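A.B. asks: Submitted below is the structure of interest, expressed as structure tokens.
Computed from the coordinates by the stated procedures, all read-outs in this text should not be read as laboratory data. All values reported here derive from a predicted model rather than from experimental measurement. In this analysis, Cβ positions are derived from the backbone assuming ideal geometry, glycine residues included, and neighbour counts consider all displayed protein chains.
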Amino acid sequence: MESEKKSVTLPNVGDVVTGTVVRVYPTYAILLFDEGWTGLLHISELSHSFIRSFTSFVTIGTIYSVKVISVDQESGRVHVSLKQVTSGERKRSFAHKPIAQSEISFDALRENLPGWIKEQNDKE
């Protein structure tokens, strides 16, 4: 019998979604979304301006409205962008209620993090 995997509905490319930063690394962050999936926000998708220190701009617990820029349905990897969200999109999608720490599930993060780390290390 095949092992069961949680069914999570992934977003579509172009969707503007709101997520909470749950992990921060020197060049990228992992965001958790209410729907149970996680997304990777790379330093290159943070701002149109030069960013010297990613970790001084992005902190754990911060809520961002981001645009989905790629989705790999097979692996479940989702990449998001902050710089591609217009101010109008941000106003329409921003969640004013933060996610309670007790509501955060790290299952999606645990499943995707090793692949994301390998992917980033391969690029660097």
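A.B. asks: Counting Lys and Arg as +1 and Asp and Glu as -1, what is the net charge of the other residues whose Cβ lies under 13 Å from the Cβ of ILE51?
C.D. replies: Every neighbour counted, the sum reads +1.
A.B. asks: Follow-up question, since we're still on this one. Net charge near ARG77: determine it from the other residues with C-beta under 13 Å of the C-beta of ARG77, scoring Lys and Arg +1 and Asp and Glu -1.
C.D. replies: With Lys, Arg at +1 and Asp, Glu at -1, the neighbours total -3.
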